[in-house]
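Everything on this sheet refers to the single structure shown next.
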Amino acid sequence: MALIECRFYSEVLGLSTSMTVILPQKTTTQIGMSNVSHGDLHPTLYLLHGLSDDDSIWLRRTSIERYVAEMGIAVVMPQVHRSFYTDMAEGGRYWTFISEELPALARSFFPLSPKREDTFVAGLSMGGYGAIKLGLRKPETFAAAASLSGALDMAHHFLNWVDPTVRTVEYDRIFGTGDISGTSDDLLWLLEELDRSKGPKPLLYQCCGTEDFLYEDNQRFREKCSETSLSLTYEEGPGGHEWGYWDTQIRNVLAWLPLSK
């Protein structure tokens, strides 16, 4: 595998930012690794970080590079700070960045397949929210979207936050002072909207530990998804909001991806 720490300028954000990228490299003499590459343009997993992390975190906390070595897929891990992958009320246009500019830039820099059937997204916590939002709002781009312990019911989660100061700092800065229920930042509403559409629909994957503080949010998303025609693979079991759980579950996500043979 090739590991690239890429620093670049974002026109959308108006600043320099970064992404960490893993690219397939076929090798025959590397000890302890079996690396494969299936062609000139690689299937791609966009792998999203959580609220307190950055584009390096998946590489630092898991063995993601080793897990994808035999799969022949690229992994693109972008930096979005504490944005919730949203065009912020007070801040950068991170939704436009992640949904439009980043894929175009990544494909211009690296040999990544532009085909929908080769393009996937996954993330944890805040990144789980971002991954599902990308899948539901950009179904023509992403064939599959996976959430690990995602914040999947933001309308309920922040409106019922026990500390109103936290809501002011984190919610209003990102989403504004209004209720996001029934908007394009509300994943439960997006499920209904996509279900009514005639266009393509991504495969969805969701997992959450039963001891996670976001477990109830995940149950509400699962229940709403069950009322639609969208395909959801759901897993739960013992676990909290921590890297031991996510290191295990990302392997399940990789095994689930609908890779072309």
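Since every read-out is calculated from the coordinates, none of them should be taken as a lab result. Everything numeric here is computed off the predicted structure, so don't read it as measured data. Cβ atoms come from the backbone with ideal geometry, glycine included; neighbour counts cover every protein chain shown.
Which peptide among 47-56, 247-256 comes first, and what is the full order, when sorted by highest mean count of other Cβ atoms within 10 Å? Present the calculation step by step, with values, prior to reporting the outcome.
Details: 47-56: 20.5, 247-256: 17.8.
So the peptides 47-56, 247-256, ranked by packing, come out 47-56, 247-256.
Neighbour counts of other C-beta atoms within 10 Å: give me Ile22, Ile180 arranged from fewest to most. Don't skip to the end; give the middle numbers.
On the way: Ile22 24, Ile180 19.
Going from sparsest to densest Cβ surroundings: Ile180, Ile22.
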Open item on the list: Modelling each spin label as a point 7 Å along the Cα-to-Cβ direction, I'd like the Glu101/Arg60 distance in nm, to one decimal.
Closed with: 2.4 nm
- [ ] With no solvent and one equal point scatterer per Cα, compute the Debye intensity ratio I(q)/I(0) for the stretch 209-261 at 0.23, 0.25 Å⁻¹ and report its log10, rounded to two decimals.
- [x] -1.00, -1.07
TODO: Rounded to the nearest Å, what's the spacing between the alpha carbon centres of the stretch 18-54 and the stretch 83-129? Just the number, please.
DONE: 17 Å
Task: Distance in nm between pseudo-label sites at Ser184 and Ser231 (7 Å out along the Cβ direction from Cα) - done: 2.7 nm
Task: Under-5 Å amide H pairs with Leu112, H placed in peptide plane, nonlocal only - done: His42
TODO: Report ³J(HN,Hα) in whole Hz for each residue of the stretch 114-122, in order, from the Karplus equation J = 6.51 cos²θ - 1.76 cosθ + 1.60 where θ = phi - 60°; Gly and Pro get x.
DONE: x, 6, 4, 5, 10, 10, 9, 9, 8
Task: Projected label distance in nm at Arg196 and Thr29, using a 7 Å step from Cα toward the beta-carbon - done: 6.2 nm
Task: Cα-derived Rg over Rh, computed across the chain with Rh taken as Kirkwood radius - done: 0.95
Open item on the list: Given the DSSP H assignment, sum -39500 (n - 2.57) over each helix run of at least 4 residues in the chain and divide by its residue total; what's the result at 222 nm in deg cm²/dmol, nearest 500?
Closed with: -8000 deg cm²/dmol
TODO: Using amide H atoms built 1.01 Å from N in the peptide plane, name the residues 5+ places from Thr233, or on other chains, whose amide H lies under 5 Å from its own.
DONE: Leu204, Tyr205, Gln206
Task: Packing-based exposure ordering (other Cβ within 10 Å, fewest first) of Trp58, Trp243, Trp95, Trp189 - done: Trp243, Trp189, Trp95, Trp58
